[in-house]
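First the structure, then my questions, so here it is.
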């Protein structure tokens, strides 16, 4: 026979999220066993007080936009998770490369996305969207290594360094 226990905080959470379960009449008890099988989730999205992911990653007024043309520009430098969108255009006058990269203040740079356009070929890429994580001292950069390449993109922080979601600027639950 499983051990019976009561935990008021869990009971209150269950009763507020599942009022049809009787509000403790008969009292809610939970069983302990050697195997834990989750049957439901008590989290902010499940209970309706958190944004679904597709809304939480919405673009807003806090988006940082950058365009690089024969230079390197910073997209973000605060630790956390970022939604990044980038596209590249090449006029074909010379071979050139556009990059999205992370640097940590040392000579080490990690290229996370690269596109090369070759002389004699005009191309434009479709926007590519991905998520990056920046540690303390990391800098997210966009680069164009020649005037024949235009690198354009944006970044929006979607979670802090600890994984706490960052809602769109100005959003609040009614």
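Coordinate-derived values only; no laboratory data. The shown structure was predicted, so the numbers you read here are calculated from the model rather than taken from an experiment. All Cβ positions, glycine included, derive from the backbone under ideal geometry; neighbour counts span all protein chains shown.
Which part of region 135-174 falls in the paramagnetic zone of residue 74, meaning amide N under 11 Å from the point 7 Å along Cα-to-beta-carbon?
Of the residues in region 135-174, 137-141 have backbone N under 11 Å from the label point off residue 74.
What FRET efficiency comes out for the pair residue 171/residue 112, r = Cβ-Cβ distance, R0 = 41 Å, nearest 0.05?
Computed FRET efficiency for residue 171 and residue 112: 0.90.
While we're here: Throw me the Rg/Rh for region 90-160, computed over C-alpha atoms with Kirkwood Rh, two decimals.
Rounded to two decimals, Rg/Rh equals 1.02.
Can you put 133, 154 in order, fewest other beta carbons within 10 Å first?
Ordered by Cβ neighbours within 10 Å, fewest first: 133, 154.
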